[in-house]
1. Mind giving me the FRET efficiency for GLN194 and ASP2? R0 is 51 Å, r the Cβ-Cβ distance, nearest 0.05 is fine.
2. Nothing charged except the Cβ atoms of Lys and Arg (+1) and of Asp and Glu (-1): what's the magnitude of the dipole of the chain about its Cα centre? Round to the nearest 20 debye.
3. Any idea of VAL78's accessible area? Nearest 10 Å², probe 1.4 Å.
4. In degrees, nearest 10, range 0 to 90: what is the angle between the Cα axis of helix 179-190 and the longest Cα principal axis of the chain?
5. Rank-order 254-265, 190-201 by packing density, defined as the average count of other C-beta atoms within 10 Å over each peptide's residues, highest first.
6. Could you order ASP251, ASP64 by accessible surface area, starting with the largest, using a probe radius of 1.4 Å?
7. Probe radius 1.4 Å, ligands and nucleic acids ignored: give me the carbon and sulfur share of the accessible area of the range 31-176 as a rounded percent.
8. Keeping all protein chains in place and using 1.4 angstrom, which order do SER189, SER164, SER274, SER142 fall into by accessible surface area, from largest down?
Amino acid sequence: MDRPRLGFVGAGVVGTVMAKALARGGYEVVAVTSRSPARRDALADALPNRPAVRVPQAVADLADLVFLTVSDDAIVPVAEGIRWRPGTCAVHASGVAGAELLASVRAQRVDAGVFHPLQTFATADQAERNLPGSTIGIEASSGPWLEALRAMANAVGGTPRVISGDRAIYHASAVFASNYLVALLDAASSLWAQLGLSREDGLESLLPLVRGTLENLASVGLPDALTGPIARGDVGPIERHIAALRSVAPDLLPLYKQLALRAIPIARAKGRLSQETAARIATILDRADEGGCP
């Protein structure tokens, strides 16, 4: 298959980043549109030939492959509102659902798929820097279009992976790794108020530790990247953590307990935590919600 001409319905952060990245990768973007004329025009101005059009139908009329980079809730109604040309393909960029969202497209005998960059999109500039090296979760209803999506993932510096099974599990995994990491750091940095410092001080101090942990995960993987008292089988610090949290941040104690219990089998797999000490730590954690000394 020759390189398809691309169109984008939706010019938010994801659509903007993907359109620009694919254009840099040698793909022709022939049409972009958005509910926001300002976003549409800003994206068009960043691409060769300023390919702004007014309505989604115009994108489908011009492009061989249409990216529906709209909100998850808008994917189905937008797809249903388009008359699709035979021989073309529509893809969405949702992580939580598969090509079944585009049943109305396939009913018109048009191929459908998914092209989901497994990356955080807080801002367009940062996402553009983060995109190279990211996994791109792909799916397509035909082999030729699957290979086309694989080629596009490679063109933006990504690693294509065909995602099968329940994509909600795939997306939940991503939420654990990204969104809930933010929630964990919110919890961690909030404790710095007990040290006479601000949450901002805490976050600034913790980020190098987080980066070091991520580097360890990249270099030595699981379970060897796990460090700290559970990995060492060091019971005393865990008891002191529980007592301190019970005193000043009891709302964080259940979270600490659940994460610590999750860390025990990782530590056992690493090889430094004995079965006896693991059982002792688990007992301490099981009693963490009780009053008194752990």
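1. My answer for the efficiency is 0.25.
2. On the way: 29 positive and 29 negative charges, 78 e Å.
Taking the Cα centre of the chain as origin, the dipole is about 380 debye.
3. Approximately 40 Å² for this residue.
4. 40
5. On the way: 254-265: 15.1, 190-201: 13.2.
Answer by packing, highest mean first, reads 254-265, 190-201.
6. Final ranking, largest accessible area leading: ASP251, ASP64.
7. 52
8. Numbers: SER189 5, SER164 100, SER274 55, SER142 30 Å².
So, going from the largest accessible area down, we get SER164, SER274, SER142, SER189.
The values are calculated or read from the model by the stated rules, or taken from the named source; none is laboratory data. The structure presented is a predicted model; accordingly, all values stated were derived computationally and were not measured. Note that we place each Cβ from the backbone using ideal geometry, even for glycine, and neighbour counts take in every protein chain shown. Ligands, DNA and RNA are excluded from the accessible area calculation, which covers all protein heavy atoms including side chains. Shrake-Rupley method; radii C 1.70, N 1.55, O 1.52, S 1.80 Å.
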